């Protein structure tokens, strides 16, 4: 009860700081989406390509928002949320249709990323923008539809080959945050391999799969405060020492089809 109240107060008084410390992976993604929402003018047309649950729709209420995902969408119940379902390397839209495309943590889930980016280029208007995030270093997720992680050089190559004229690529933090994010995942990642969690009659039931589970459970409880609270608190300021950020969780990208950027505050808002 006390912890939930503290979290509620922190989220409401210091929302950006709290997200940056305790939700490091999502912090950069959400900041890019908010930046994108400011760039889209009322009634401009934006396609959210690959957003299974349409979680970003709320940021584009002022715009002409459309969304799509593929036939094998991870949660089949989310299909009804989308305007249309398609393979995003073959989007059933005319050339120069959209003012912007949002592609958040999706590119790693497509087997032919260059074809997807070429398709985005095709359906974007001449001054259209692509707002994209992708991992450089993350675990297998959404298996079997998880094919790649991307380096900065790899993204630059793909953007050029797809025909884009301008692109800005920003790292999602440096080496300290990358380590901290993985350490946050460590207790649950290990413990889940020794326990079986099932939902029965709307109740969560946990059964041990391995005798080691009894030993691991108290260790998990002890380590939780270290990995979930202490390390993130330390990582937030220390990560600023990393100027190169070659070790990073991933990248946020602002890519433009034709003309150059005019926004002088883009770097501050996205990084």
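Read-outs: derived from the displayed coordinates by stated rules, not from any lab. It should be emphasised that the depicted structure is a prediction, and the values quoted were computed from it without experimental measurement. Positions of Cβ are generated from backbone atoms using ideal geometry, with glycine treated the same way; all protein chains shown enter the neighbour counts.
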Inspect all residues belonging to region 77-97 and state whether any of them is under 30 Å from residue 179 (Cα atoms) and surrounded by 18 or more Cβ atoms within 10 Å (Cβ to Cβ). no
Could we say that residue 168 is in contact with a strand residue (DSSP E or B) (Cβ under 6 Å, 6 or more places away or on another chain), surrounded by fewer than 20 Cβ atoms within 10 Å (Cβ to Cβ) and under 23 Å from residue 250 (Cβ atoms) here? yes
